[in-house]
Every structure is written in structure tokens, then in C-alpha cells.
Amino acid sequence: MIYLRLTDSLTMDPGKIEDFYSQEVIFNVFEGLVRLGKDIVSVEPSLAERWVFKENGKRWIFYLRRGVKFHNGDKFDAKAVVYSFTKRMDRKQGEYAAFGRIFPYIAAVNALDDWTVEIVLSRPYFPFLFSLADMRGSVVAPGSYEGPEFRPIGTGPFVFGEWVRGKSLLLTRNDRYWQQPAKLTKIIFKSEPNAAIRLSQIKNRSADIDMIRSAKEYDELRDKTHIAILSKPIPLTYYLGFNSKRQPFSRLLARKAFFHLLNKRILIRHIFQNFAMPAAGFLPPQMAGFNPDIGKDDFSIKKAQRLLQESGLAEGFSCTLYYSEGQFGLEDVARAIVTSARRIKVNIKSVKLPFAKLLPAVHQGEPDLFLIGWGFTGDAGVFLNPLFMLYPGDKKNTMSASPEFVRLLAQAEETSNDKKRGELYAAAQRQLHEDLPLIPLFHLNYMLAYNMRLSGLHMSPFGFLIFKDVSIGSE
């Protein structure tokens, strides 16, 4: 089976993943102790069959599944879990910073016996199970980190085969998978940046799957008799972020001016049609704690101009806007923001970068404004800590929020009562709108076209394709 992709993965190391293209491959190769339920607001067993927490959420005990083998034939046990976490914990301030952002409070990981693991946290943290559902918590075979390069050996339904960087990545079936082995023998993730070529290959049957990236592509493919369309809303929010560490966006009034500058409802409908919905608050609508009344559109050029005047910026200013190439619709969104900003005498220079370069640039505080997406978690608390935003002591944080917002999140993280935690998250969202370190723009629906000879194809709650149940028949 051939899956066409706009661009290649960046890594096969679960502890380092920052991008979607790496995660969707890793999702089919590695597994964690738990996984997200289909409703995205629950967690279910994976390599751990059950668990308990003690000391008000500071100690978590996991009882492991027996009879699981890694792709190289080694036994999965508690030592493998300890190995996977401690190797990343040792370097979470460096190359495993992505792991450190998802797991900031792990103090120790201990094997109590061959089939029992204890994870000790430095503080009570009730979103911890949702963190463990993140692919950065995947378990790898002991020895994977030894040698000059990471060796991608997991327990998942597919085995890493071959990687020709920038061109293709091959997975093969794991015949010793602990559940029913997959029906597919091979998956080829083929990189093809040219949209016309991807469209041609899915139409002429030389490829099996292609993500739909424009309304034009959708119109071209929806009526083809050999092509089916799979669609799913993803818990993902794209937003306009402000560098509030320097002028002019260190001024709250300047950030608020941009809130009134954008007519999100018309902007999103014009660019995405049925591929996205405008965002009100930061949380996506399928997540517990979503409140549609937070951050509603209040489009008004006059209000934007008045706020700039009150901020001492009536004569306007120049700034930069960074965004990632290859992200569906982002270039159009960037262009619309640039055009709108001219109405309040703001001159924006837009900079398009590969995603691999965008994230470090934002971490280093290069842009004044940036367009980026955040998601791939089922927990509101994790979701409300986007990327580089709220990690104490990091002087390079581009965005900033008030101590009150940080306090509300911290209180929610230590609250075991679901209803009370939801109330705290709602309060945190209201505070986020007051602080305005970012403006939520839209939630994306993933749509892909696939050859109807495939059956059993599904998407995970995060939009990763699930290949273990796919079979190939005649067209």
C-alpha cells in the first residue's frame, strides 16, 4: 500500500517528535503503556493492562501486559519501560526537550518486579495518563539508544524497514504482534511535495492514499468511482501567536488590536470551506471543557485603530510573521492577515519556513507573529500548555501568560475531581483570553482520499491512520 505525503518524517525516535509526519509513522511502530480512547476524553490500556495512583497522584503503579515481544524478538517487561523513560529523562533539557515538555514532573521510574512499573512524580499531576497516551511516551526495546543512531524497535503492528530520506519510508508487518497481526505486508510512506503529481497518482491508481489539501482537490476526487473520502475533525487548534517578550506585542493593547482586526468566521469560510471551523476559545469543540462563548469574534477596524492609538502606536509599525510551508491553507491565512494589517498601518513581512526550521525559530524568539497548530492530546490541561508557552524558567519563551493563568492550570493539575477540574480549565480559558498571548483561529478537519480497494481504514482521534485492520481487495 502506498501512502502519499507532502513531506517526509523528521525522526523515528518517539522522544524527539515535534511534527505530525513523524508521529503518524511512529504511531504504527511503537506503543505506550496506555492509549487514547476513541472519544479522546478517556484513556484505555495498551502495554499496561491496569494501573492505580497513590499519594494524591504523585505515584502511579502500572501492571504490564505479558507475552508481548519487541520486533527483534526481545521480551517486553518492566526493564524496557524503565530504559525508555530514563534514557530520555537524562537528556530532556537537550535533544529530548520535546519529551521534557510532555513529561515535566517525572522524578523516577522504577521496576518493582518484571511486570510492575512505578512512576514517581515530583508533584501531584492528574493529567499524567493523558500525557502517557502521547507518542513521546512510547516504549522502545532496550539497546535502541546504544550506538551512533537510534534503532527504531517497538512492539507495534508494523516494523521499521527502510528509510530513503526525502523520498520514502517502508514499514513491514509485525508477524509476532501481540494482537491479531496486520493484513498488509508493506506500507510505503512516499514523499511528494508537488500537489499536481500527488493528485495525478491517486487518480491514476499508482498510489492508494493522499491527504486532501484544498477544496479544488476535493472537488476533483469526490466523484471518482474508485476513490472514497475519509473525514474526521481533529483536536487541533491553529492560532496566531504573539512574541510578547518585546515591542510592540509586549503591549496588551497591541495584541487586542489584532483580535479586532480579524474576521475569523469569514476568513476561515473563504479559505477552508468545510475543511475547518473558526475557533472561539483555544480548546477544540470535541474536548471536555470547551466553551463556545469564550473569545467570540468582535471584528471592528475602528476598535483596532483605537487600541493602537491608546497604545501609542497610532502611526503603525513593521513586524514579521512566520508560518510553515506545506500546511493546508496557512499561506492564505498569512496573506489575509498581512492585507488586513495594512488597514491599521501595520506592515507585516511574512516568512515561510519548513516546519523543521519554524519551530526552532519560534523557540528562539525570532518572529513577532507566527501561525502554528497545537493539539494531539486528549486533556484540556495539557492542551492549554501549548509548546514553548508556559514552562517556568525558560527565558526564551516567546509567549507569556499571567501568573493567574499559571495558577489556575496548576490547581487543575492537582485536582482529582473531574467536575472541579473542568471548572478550573474554564476559568483558565477565560484568563487566557484576557492575557491574549495568542488568538485561536481555526480547528481543522482532516480529509483524505483513498482507493476503494482498501477496507478497514480508520483514523485515530489525533488523525493518524490506523493500518493494522486494513486489507486490500480488488477494485
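Close amide-amide hydrogen proximity is noted between Leu6 and Glu192, each under 5 Å apart and 5 or more residues distant or on a separate chain (H modeled in the peptide plane; Pro and chain starts excluded). Calculated from the structure at hand, Rg/Rh (Cα atoms, Kirkwood Rh) is found among [x] 1.27; [y] 1.03; [z] 0.97 as [z]. Here the calculated FRET efficiency for Arg342 and Lys296, from their Cβ-Cβ distance with R0 = 22 Å, stands at 0.30, rounded to the nearest 0.05.
Looking at this model, which pairs from Lys75/Lys419; Lys16/Lys69; Lys69/Lys203; Lys87/Lys190 are more than 29 angstrom apart at the alpha-carbon? Too far apart for the 29 Å limit: Lys75/Lys419; Lys69/Lys203; Lys87/Lys190.
Placing dummy labels 7 Å off each Cα toward the beta-carbon, the span from Leu253 to Lys75 is 7.0 nm.
Were the residues from Lys420 through Gln309 laid out at 0.36 nm apart, the gain over their Cα-Cα distance would be 35.9 nm. Across the options Met452, Ala412, Ile348, the greatest Cα extent toward the positive end of the charge dipole of the chain (unit charges at beta carbon of Lys, Arg, Asp, Glu) belongs to Ile348.
Between Arg151 and Gln364, the simple label model (points 7 Å from Cα in the Cβ direction) yields a spacing of 3.5 nm. Each label point was placed 7 Å from the Cα along the Cα-to-Cβ direction; for Arg246 and Glu118 their separation is 4.8 nm. Helices in the chain, meaning DSSP H runs of at least 4 residues, each add -39500 (n - 2.57). Divided by all residues, the mean residue ellipticity at 222 nm is -7500 deg cm²/dmol. Maximal additional length on extending the Gln179-Arg66 stretch stands at 39.5 nm, based on 0.36 nm per residue less the C-alpha distance.
Take the Cα of His226, go 7 Å toward its beta carbon, and the backbone nitrogen atoms of segment 436-475 under 16 Å from that spot belong to 449-455, 472-475. For segment 234-445, a simple Cβ point-charge model (Lys and Arg +1, Asp and Glu -1, everything else neutral) yields a dipole of about 700 debye relative to the Cα centre.
For segment 242-353, the Cβ-based charge dipole about the Cα centre amounts to some 360 debye (Lys, Arg positive; Asp, Glu negative; other atoms uncharged). When the Cα positions of Ala254, Ser191, Gly281 are compared along the charge dipole of segment 187-283, Ala254 comes out farthest toward the positive end, with charges on each C-beta of Lys, Arg, Asp and Glu.
The charge dipole of the chain, taken about its Cα centre with unit charges on the Cβ atoms of Lys, Arg (+1), Asp and Glu (-1) only, comes to about 720 debye. Return the lysines within reach of Lys245: Cα separation strictly under 18 angstrom, same-chain partners fewer than 8 residues apart disregarded; answer none if there are no such residues. Cross-link targets: Lys256, Lys395, Lys396.
Where a number appears in this text, it was derived from the coordinates with a stated rule and is not lab data. Computed from a prediction, not measured in an experiment: that's the story for all the values here. When we count neighbours, we look across all protein chains shown, and the Cβ atoms used for this are built from the backbone with ideal geometry, even at glycine.
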